[in-house]
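Written below as structure tokens is the structure these notes are about.
What follows draws every value from the coordinates through simple rules; no lab data is involved. Keep in mind that what you see is a predicted model, and the values were worked out from it rather than measured.
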Amino acid sequence: MQDSDKPALPEWSRDTQKIAVLTWISFLIAAAFTMLLFAFIDPLVIVDAINVKWLESSNSGYAIGFFFLWANGWAAGWLTLRLVRRKRHGPAAKIRKR
């Protein structure tokens, strides 16, 4: 099969690329901070703090801690992207062109 016969992969929009990068980076940061967190805290402390009877293993504590850190990392990254986004149109753009 030649390269011209292969269907072209659709290109991601800029927003889709940002979300993909944000998700991957927050995943890696959550993994690193999960290791640091559970080096000092027993995961059963988290399970006991939630006080749900069907969560009784340390693996549940690891999972809860990881997803909590991942969600916080994702939210912080998303807020950062929203705050530093440049506006390309408007009064400031017209002043710079002069």
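How much length, in nm to one decimal, is gained on full extension between Leu44 and Trp24, taken as 0.36 nm per residue of separation minus their Cα-Cα distance?
4.5 nm
For Asn59 and Leu83, compute 0.36 nm times the residue count separating them, minus their Cα-Cα distance, and round to one decimal in nm.
So the extension gain works out to 5.0 nm.
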